[in-house]
Amino acid sequence: MRFLSIASGSSGNCSYVGAENTHILVDAGISGKRVEAGLNQYEITTKDVNGILITHEHSDHISGLGVLARKCHIPIYATKETLAEIREMSSLGKIEDELYQEIIPDQEFQIQDIRVRPFSISHDAANPVGYRFFHRNCSVAVATDMGKYDSYIVENLKGLDAILLEANHDIRMLETGDYPYSLKQRILGDYGHLSNESSGKLLHEVIHDGLKYVILGHLSKENNYEELAYETVKLEIAMGESAYTGNEFPIQIAKRDRALEMVVV
């Protein structure tokens with residue numbers, strides 16, 4: 001299984017998950033040109049994509065969806081409520097109804113030779129989900145845009161080979177920054193975004209010997225920076241009750257403006 005962060009952050013999100021005969025995008029919050037460029041580095045094109053899985057309807061996750069879907073006639077997978085929101089967005093242009101594929105949280109479905117499990121997440125959107133992917137004996141997950149996590153989220157993220165996990169903000173930077181009070185409360189609330197500390201605590205809950213790669217994503221440009229997210233997450237792991245220190249596996253930071261190297265598990 002192959003796993004790639006093409007872009008991640010408040011300016012746009014898009015990830016790739018693939019196997020021998022299957023190519024899937026998670027979100028399309030950047031231009032089709034940028035998606036194409038990210039895929040082309042690994043001899044994949046947007047015409048190869050078998051499906052676009054949408055986590056939720058916010059613009060940084062769907063702004064490039066209309067162009068991609070029309071150009072390559074790619075099926076769009078999302079919850080009923082998310083699809084309803086997408087249909088109302090004139091900025092995306094006309095998308096053929098036959099491309100919309102409704103999914104239900106906790107009900108697995110198949111795209112070619114990859115099995116997909118959507119799971120509910122806590123965010124201020126219609127009915128948002130994260131995704132876990134299975135191929136043969138490997139599994140990877142995309143888990144961002146979560147105001148909080150609980151035992152349900154932990155169970156959905158156990159036993160992974162690789163994960164793209166949100167580490168959106170440093171709490172002190174957010175609290176003392178220039179954002180309006182209402183926006184600060186939204187981000188810090190149960191339907192906002194995971195802080196670096198929460199990300200590290202969640203990772204501590206799901207870490208195991210088979211976890212090969214961790215990608216920290218959706219970092220705030222204004223309220224975080226890469227070194228702080230990296231060090232805070234590692235510290236939270238080390239402070240936990242397990243024997244792990246955070247040095248046992250690679251931790252990468254997803255970039256806003258370019259793709260990371262492809263992860264293969």
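Numbers at a glance
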| item | result |
| --- | --- |
| Members of the stretch 37-89 found to be farther than 18 Å from Gly18 by Cα, charged (D, E, K, R) and in a helix (DSSP H, G or I), listed by number | Asp60, Arg70, Lys71, Lys80, Glu81, Glu85, Arg87 |
| Qualifying residue in the stretch 205-213 (condition: within 26 Å of Cys138 (Cα to Cα), of a type in the set (Val, Ile, Thr) and open to solvent by 80 Å² or more (accessible area, probe 1.4 Å)) | no |
| Asp161 vs. criteria open to solvent by 10 Å² or more (accessible area, probe 1.4 Å) and either closer than 16 Å to Ile251 by Cβ or within 12 Å of the chain's Cα centre (by Cα) (or both) | yes |
| Matching option when the condition is over 26 Å from Met146 (Cα atoms), touching a residue at least 12 places away in the same chain (Cβ under 8 Å) and not small (Gly, Ala, Ser), among Ile30, Ile6, Ile44, Ile24 | Ile44 |
| Ala126 assigned to a loop (DSSP other than H, G, I, E, B), hydrophobic (A, V, I, L, M, F, W, C) and either modelled with pLDDT of 95 or more or surrounded by fewer than 21 Cβ atoms within 10 Å (Cβ to Cβ) (or both) | yes |
| Among the residues listed as Gly246, Gly192, Gly200, the single one being modelled with pLDDT of 95 or more, part of a loop (DSSP other than H, G, I, E, B) and buried (at least 17 other Cβ atoms within 10 Å of the Cβ) | Gly192 |
| Tally of residues being of a type outside the set (Val, Ile, Thr) and closer than 23 Å to Ala143 by Cα across the stretch 70-95 | 8 |
| Failed condition for Gln185, given (1) in contact with a strand residue (DSSP E or B) (Cβ under 7 Å, 6 or more places away or on another chain); (2) assigned to a helix (DSSP H, G or I) | (1) |
| Test: residue in the stretch 35-49 that is under 19 Å from the mean Cα position of the chain (by Cα) and within 16 Å of Tyr131 (Cβ to Cβ) | yes |
| Only listed residue being closer than 30 Å to Thr22 by Cα and open to solvent by less than 10 Å² (accessible area, probe 1.4 Å), chosen from Ala141, Ala229 | Ala141 |
| Selected residue [within 15 Å of the chain's Cα centre (by Cα) and among the hydrophobic types (A, V, I, L, M, F, W, C)] from Ala69, Ala78, Ala84 | Ala78 |
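The values are calculated or read from the model by the stated rules, or taken from the named source; none is laboratory data. Remember, it's a predicted structure, so these values are computed and weren't measured experimentally. Counting neighbours? That spans all protein chains shown, and the Cβs are built from the backbone with ideal geometry, glycine included. Surface accessibility is based on the protein's heavy atoms, side chains included, excluding ligands, DNA and RNA. Shrake-Rupley method; radii C 1.70, N 1.55, O 1.52, S 1.80 Å.
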